[in-house]
1. Answer yes or no as to whether Arg196 is in a helix (DSSP H, G or I), in the same structural domain as Ser33 (by TED's automatic domain parsing), of a type in the set (Lys, Arg) and surrounded by fewer than 15 Cβ atoms within 10 Å (Cβ to Cβ).
2. Hey, can you tell me all the residues within segment 168-193 that are touching a Leu at 6+ places or on another chain (Cβ under 9 Å) and surrounded by fewer than 16 Cβ atoms within 10 Å (Cβ to Cβ)?
3. I need the helices (runs of 4 or more DSSP H) fully contained in segment 85-178, keeping only those with at least 2 residues that are in contact with a Lys or Arg (Cβ under 8 Å, 6 or more places away or on another chain) and closer than 14 Å to Gln70 by Cβ.
4. In contact (Cβ under 8 Å) with a residue 12 or more places away in the chain and surrounded by 15 or more Cβ atoms within 10 Å (Cβ to Cβ): which single residue out of Arg313, Arg303 fits that description?
5. Checking the structure you have, find out if any residue of segment 293-305 is closer than 30 Å to Ala261 by Cβ, touching a strand residue (DSSP E or B) at 6+ places or on another chain (Cβ under 8 Å) and assigned to a loop (DSSP other than H, G, I, E, B).
6. May I ask you to list the residues in segment 275-295 that are aliphatic (A, V, I, L, M) and in contact (Cβ under 8 Å) with a residue 60 or more places away in the chain?
7. Among the residues of segment 226-281 satisfying the criterion of being hydroxyl-bearing (Ser, Thr, Tyr) and buried (at least 22 other Cβ atoms within 10 Å of the Cβ), which is modelled with the highest pLDDT?
8. Every residue in segment 362-376 that is assigned to a loop (DSSP other than H, G, I, E, B) and not polar (S, T, N, Q), please.
Amino acid sequence: MTRAAQETKPAKTAWISLPDRNISPILMTIAYSVGVAVMALLFLAAYFLLDNIIVEQRDAAQRIHVIEQQRVLSQRIALLSTDLYVGDTSTGEALQDAVTRMERLQDTLSGKADPAARQLTAAEHELYFGGNAPLDAEVRSFLDDTRRFMAATTMSAGDEAYKALQHHSRDLLLPALDRAAALFAEQADARIAQARLAQQVLLAALLLALVLEALLIFRPMVTKIRLYKAHLYEMATRDPLTGLANRRQFDEYANREFRLARRTAKPLSMAICDIDQFQKINDKHGRAVGDAVLRRFGELAARILRDTDIISRVGGEEFALALPVMNLHGAMIIAEKLRRGIAEDRSDNLPPFTICVGVAVSEHGDKKMDDLLQRADSALQMAKSEGQNRISCLNRPMTEKPTPSDAVPQHTDIAS
């Protein structure tokens, strides 16, 4: 396929390859807003989940710390009561302070100090108030035994109370406090496991939301932008009627090839084609037929040109060809093939038409691409002055006045 055909083919479909116009920008904006809202909700959920984990872990650490304080206080009460039992009356005040502190801690753990502060779980309520030996009863019985020991007025009453509190401290209270500490630790581990599961679910939801946004929002948005960009490029570089390159793209390509030809000292040929009596075709057959003639010319020219050549519609019925690395003889052969192909074409529903072609090749005196293009245009005018269905070439710079020998009108007899 020639470069002209490659340039032409996308342009013929570009006008129907626009993004789906049913995808409304308003709907895409709404979808994007919903996606952002979902992401915001997920981040808020992550924030509150983390905050809840922090609060629960703090509460669990505080409860375990209180249990450990109760263990220490129970042992302190047992030791101080022993000192008091053997006659050290100076420990009475410290013993009373330890009893008060332990009772306050027990009220905190059991919820009696502030019932609205924290509700006990079912397992905690069973530990403190249920079963045969509830912890709350054990602690308060231990404290009652201690107070009874401190308030005893007789030796026998003191001995009885002392033995009872020592029994509570060693055999009943310490195992119960151990069970409480184990329960709180188990609950903390369970909450950590729940938080980890919630974290995994939240992470999966976040990743799913990102994937859905990428597939349902950003992918269509990027696709639509890419297609509109391609369409805008087509509009900027293509002739909408024929699908050929427009003058902007032709000038860009031709100037690049002209600079390359000057650097490499290789020839660059230009040709300008004009459809003969095109206005009469329009007047006689209508503009629609005239448009079809222009398109047909582009199709036939694309079949003849090479991959490296480019053809552009530069005027109403005027076309320009850039033929890199082609000398004048080769350019004249191409022009003759094009002239003959058009003249012999008999397309259905189209009137026969012919063209005139002007050809020029780059010369050392050319300073810019326009010099070469103007020379090709002058050759076209010479061909048109000879009549219709003709080609002509002009192979000297425009700074020199052409002589009859410089202009080579052609009608036939050029080998292909």
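The values are calculated or read from the model by the stated rules, or taken from the named source; none is laboratory data. From a predicted model like this one, the values you see are computed outputs, not experimental measurements. Note that we place each Cβ from the backbone using ideal geometry, even for glycine, and neighbour counts take in every protein chain shown.
1. Working: in a helix (DSSP H, G or I): yes; in the same structural domain as Ser33 (by TED's automatic domain parsing): yes; of a type in the set (Lys, Arg): yes; surrounded by fewer than 15 Cβ atoms within 10 Å (Cβ to Cβ): yes.
Taking the combined requirement at face value, the residue satisfies it.
2. The answer is Arg179, and nothing else.
3. Helices (runs of 4 or more DSSP H) meeting the threshold: 92-110.
4. After applying the criteria, what remains is Arg313.
5. yes
6. Matches in segment 275-295: Ile275, Ile281, Val289, Val293.
7. Result: Ser269.
8. Glu363, His364, Gly365, Asp366, Lys367, Lys368
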